[in-house]
Amino acid sequence: MLIAIIDGLSFDPFFRGFLSVLVGVVVMIGGTYLIVATNSGARTGGLITASAFFGWMFMMGVIWTVYGIGWRGQAPTWELVEINGDNPASQNDGLVFAENERAQTLGLALETFDVSEGVDLSDADIAQNEAVANAKANADSLNDWRYLATSNPVRGEAQSAADEHLAAEHVFDSTGEYVPLQFGAYNIGGKPLLKDDPNPLDRVLHKLDTMTLHALHSEELMVIQVQGTVEQPVLPGQPPPVATADDEKSVVSVIMRRDRGGPFPALFGGLRSTPAFFTIFNGILFALVTWSLHVREKREMLVRAGA
């Protein structure tokens, strides 16, 4: 009967992982305690082993917090602020008359400035690079909004969130009914960005700048623009045609706000909040145990001096 139970546990991922961790803790921590306690006594050996354990956990927590790895918290998300539709005659009215005041500044900027003006549309990659260069050279014209190229990973994440919001709000029934505009992604706020092609010194200075002068992160907004597609028949036996934006349909602007999560989102996001609390907890325990060792050593020194 016992053999059957043990054999069954080997196929259960939870119990197998639990037993593996339990054996590892007993062998590593228990073995260390056994060796240290043999030389320094049971109580002192226990304090030394505990201080080493909590010190290691504290250092590991620091690394987790800095790089956002390990026992991570809730990842940042894009929460919906509002969805606006324009009329075809003026494709930025939805932003100009948006309820969000910062989105209104983008709508006013796009009325007079177009990031795609003068770019080479024959090549998609070249067009995106030239559009980014235009936006950076005319940052004042965009009212400090940043244009995001299609290859930007932030834009890809925001586009996925916009698709979910459009479906949840029943603006479109499916993603096949619209296409993201090639030059329709802008964001503002958040932490300062590292400049293009940085060298090691630039990275160090950027890190110091974000930790001191910009320790608190400002509100970050994202605007994703999509447009309905042209209805094209699908011929039997042929692949579906490439979706093309219909200029007669209105441009829909999805305005989103970055939700960093956690109890202190302006300082560090939810992704790092869990390892940060883990680090603080183990740091306090490490300090208490080492202080107990210090007090114990002082007491032993007094006893030896009296003897």
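Things to note:
- Residue list for segment 93-106, filter: touching a residue at least 40 places away in the same chain (Cβ under 8 Å) and not hydrophobic (A, V, I, L, M, F, W, C): GLY94, ASN100, ARG102, THR105
- So TRP78, is it part of a loop (DSSP other than H, G, I, E, B) and either among the charged types (D, E, K, R) or at pLDDT 85 or above (or both): no
- In segment 130-150, the residues that are closer than 20 Å to ARG102 by Cα form Cβ pairs under 8 Å with partners that are of a type in the set (Ser, Thr, Tyr) and surrounded by fewer than 16 Cβ atoms within 10 Å (Cβ to Cβ), at six or more places apart or across chains, as follows: SER141/THR112.
- Restricting attention to segment 221-254, the residues that are surrounded by 11 or more Cβ atoms within 10 Å (Cβ to Cβ) and over 19 Å from ASN100 (Cα atoms) total 13.
- Count of segment 259-279 residues, restricted to those that are loosely packed, with under 13 Cβ neighbours inside 10 Å and within 30 Å of LEU47 (Cα to Cα), is 0.
- Qualifying residue in segment 184-204 (condition: surrounded by 13 or more Cβ atoms within 10 Å (Cβ to Cβ), within 22 Å of ILE255 (Cα to Cα) and over 27 Å from the mean Cα position of the chain (by Cα)): no
- GLU157 falls short on exactly one of the conditions (1) at pLDDT 85 or above; (2) farther than 22 Å from ASP144 by Cβ; (3) surrounded by fewer than 18 Cβ atoms within 10 Å (Cβ to Cβ), and that condition is (2).
- Comparison of LEU47, LEU110 shows that the only residue that is outside the structural domain of LEU285 (by TED's automatic domain parsing) and part of a helix (DSSP H, G or I) is LEU110.
- Test: residue in segment 42-52 that is within 31 Å of the chain's Cα centre (by Cα) and of a type outside the set (A, V, I, L, M, F, W, C): no
- Residue count, segment 118-148 (criterion: under 24 Å from ILE255 (Cα atoms), surrounded by fewer than 18 Cβ atoms within 10 Å (Cβ to Cβ) and in contact with a helix residue (DSSP H, G or I) (Cβ under 7 Å, 6 or more places away or on another chain)): 2
- Of all residues making up segment 251-289, the number that are modelled with pLDDT of 85 or more and of a type in the set (Gly, Ala, Ser): 5
- Looking only at segment 169-210, and only at residues there that are touching a residue at least 12 places away in the same chain (Cβ under 8 Å) and small (Gly, Ala, Ser), the one that is farthest from LEU142 (Cα to Cα): GLY176
- Qualifying residue in segment 211-223 (condition: aliphatic (A, V, I, L, M) and without any contact (Cβ under 8 Å) to a residue 24 or more places away in the chain): yes
The values are calculated or read from the model by the stated rules, or taken from the named source; none is laboratory data. Everything numeric in this text was worked out from a predicted model, so none of it was measured. Every residue, glycine among them, receives a Cβ derived from its backbone with ideal geometry; neighbour counts consider all protein chains shown.
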